[in-house]
1. Would a scan of the range 41-51 turn up a residue that is within 27 Å of the chain's Cα centre (by Cα), modelled with pLDDT under 90 and not charged (D, E, K, R)?
2. Take the residues of the range 278-293 that are part of a loop (DSSP other than H, G, I, E, B) and hydroxyl-bearing (Ser, Thr, Tyr): which is modelled with the lowest pLDDT?
3. Of everything in the range 97-142, what is farther than 23 Å from Arg284 by Cα, in contact with a Gly (Cβ under 9 Å, 6 or more places away or on another chain) and in a strand (DSSP E or B)? Give them in sequence order.
4. If we keep just the residues of the range 294-314 that are touching a Phe, Trp or Tyr at 6+ places or on another chain (Cβ under 7 Å) and in a strand (DSSP E or B), which is most open to solvent (accessible area, probe 1.4 Å)?
5. Name the residues in the range 187-204 that are open to solvent by 50 Å² or more (accessible area, probe 1.4 Å) and either assigned to a strand (DSSP E or B) or closer than 26 Å to Pro269 by Cβ (or both), would you?
6. Using the structure shown, decide if Leu88 is open to solvent by 70 Å² or more (accessible area, probe 1.4 Å), touching a strand residue (DSSP E or B) at 6+ places or on another chain (Cβ under 7 Å) and either more than 30 Å from Phe136 (Cβ to Cβ) or of a type in the set (Phe, Trp, Tyr) (or both).
7. Sort out which residues of the range 74-85 are touching a strand residue (DSSP E or B) at 6+ places or on another chain (Cβ under 6 Å) and open to solvent by less than 40 Å² (accessible area, probe 1.4 Å), and write them in order of number.
8. So which residues in the range 283-293 are within 24 Å of Val135 (Cα to Cα) and buried (at least 20 other Cβ atoms within 10 Å of the Cβ)?
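The values are calculated or read from the model by the stated rules, or taken from the named source; none is laboratory data. Because the structure is a prediction, the values reported are computed rather than measured. Cβ sites come from the backbone with ideal geometry, for glycine too, and all protein chains shown count toward neighbours. Side chains are part of the model used for accessible areas, which takes the heavy atoms of the whole protein and leaves out ligands, DNA and RNA. Shrake-Rupley method; radii C 1.70, N 1.55, O 1.52, S 1.80 Å.
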Amino acid sequence: MLNDTPAGEDPSGYRVMVEQAFTPLVVEARLEDDTLRSTGMLTGYYEPYVDVREQPDMVFSHPVRARPDDLISVNLGDFFEDLSGRRLNGRAENGRLVHYHDRSEIEAGDHGEVLAWGRPIDVFFLQIQGSGRLVFENGDQIRAAFSAHNDLPYRSIGRELIRRGELRRHEASKQGIEAWLNEQSEDAVADLFAHNPRYVWFGLENIDDPQLGPRGAPGLALTPMASMAVDPAFHPYGLPIWLQADLPDFPDWNGLVIAQDTGGAIRGPLRGDFFWGWGETEERRAGTTRSDARWIILLPQPLAQQILDSIPPA
C-alpha cells in the first residue's frame, strides 16, 4: 500500500512495520439521502511572508494584533466530560459570557496590542492562513503564530464574490481574489472583509530554524506536503492518512500525511486542508488546491479490530 516495492525488497523494513502495526480503513461519509460518499473536498494552505512596518503609514495601515486581555477562553471539558476538547471564546458582559466582537467591531476599536503594521489585504490573508513570517523593512523576520480567534463563524470571501457575480467559480482562487481586491476602493475592500466575522490574533515567535514550519494545533511544527488540517471532531491529531488527490503540479498524487492542524472552514469527516510550506511556489499551489480527495486512515491494529468487530454482519 505504501509503495510499489515488494515487502521482501524493503531494505528498511518500514513497509513491513507499518503493515504489521496498522490497518487501513477507507473513510466514507453518509449524505442526507443516505448514500455514501468516498471523497471529500481538499484545499491547501501555506505560511506566507508578510511585509510589515513598526509604524503605520498610508500603505502599511492595518494592524497585526495580539490576543486581547478581555478575551475569555472556556474549556468545556472542565465542566462536562462529554465535551472534552471543545472550547468557547467570548467576553464577559453583566456577569454573562457572550460572543466576542465581530471583525468590523474589532477593526473599529482597540482590541489587542499592535505587533506590526501590514497592508490590509496581506493582514486579512495572514488571518486566513493562521500564521506567517513577518518581514520588517530592515530584513528581520519573526513568526506571527496563531494565538486565538473570536469564535465567530468563518465565511469565505471567495464564495461571496461568486454569489455577487464578481468572480466565476474557477476564478475564485487566492490569486483571483487578490487581483479583484487590488482593483477596488478601500471601502469596497473593507465591506468584503466584513463578510467574514471571524478575526484571528497572533503571538510573536523567533524563527530559530527557518526550515521548520509553524506549529499546528497540537504544538508540533508542520511539515510541507506531509501535514494536513482536519476536523478534530472526527479525526484525532497524529492520525496517519493515506491521501489520494489531484494536486497542483502533482496530478494523481498519493502520499502519507499526518492530521496535525485544524481550521475554521475545516468541518466534516472528509474535509482536509493540505499544508504546502512557505514561498512563492507554495503560495501558488495552496491558492489553487481544490480537489476531491480519497482518505485511507491507518488505525493501530487493536483499535481497528474493535471497530471491525462492532460492525454487524451484512
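1. Initial filter on the range 41-51 (within 27 Å of the chain's Cα centre (by Cα)): 41-51.
Subsequent filtering for residues that are modelled with pLDDT under 90 retains none.
No, the range 41-51 contains no residue that is within 27 Å of the chain's Cα centre (by Cα), modelled with pLDDT under 90 and not charged (D, E, K, R).
2. To start, the set of residues in the range 278-293 that are part of a loop (DSSP other than H, G, I, E, B) comprises 279, 288-289.
Next, only the ones that are hydroxyl-bearing (Ser, Thr, Tyr) stay: 288-289.
Working: Thr288: 91, Thr289: 94.
Among those that are part of a loop (DSSP other than H, G, I, E, B) and hydroxyl-bearing (Ser, Thr, Tyr), it is Thr288.
3. Those that are farther than 23 Å from Arg284 by Cα, in contact with a Gly (Cβ under 9 Å, 6 or more places away or on another chain) and in a strand (DSSP E or B): Leu97, Val98, Leu115.
4. Narrowing the range 294-314 to residues touching a Phe, Trp or Tyr at 6+ places or on another chain (Cβ under 7 Å): 296, 298-301.
Add one more test, that the residue is in a strand (DSSP E or B), and what stays is 296, 298-300.
On the way: Ile296: 18, Leu298: 8, Leu299: 16, Pro300: 59 Å².
Among those that are touching a Phe, Trp or Tyr at 6+ places or on another chain (Cβ under 7 Å) and in a strand (DSSP E or B), it is Pro300.
5. Leu204
6. yes
7. Val74
8. Those that are within 24 Å of Val135 (Cα to Cα) and buried (at least 20 other Cβ atoms within 10 Å of the Cβ): Glu283, Arg285, Ala286, Gly287.
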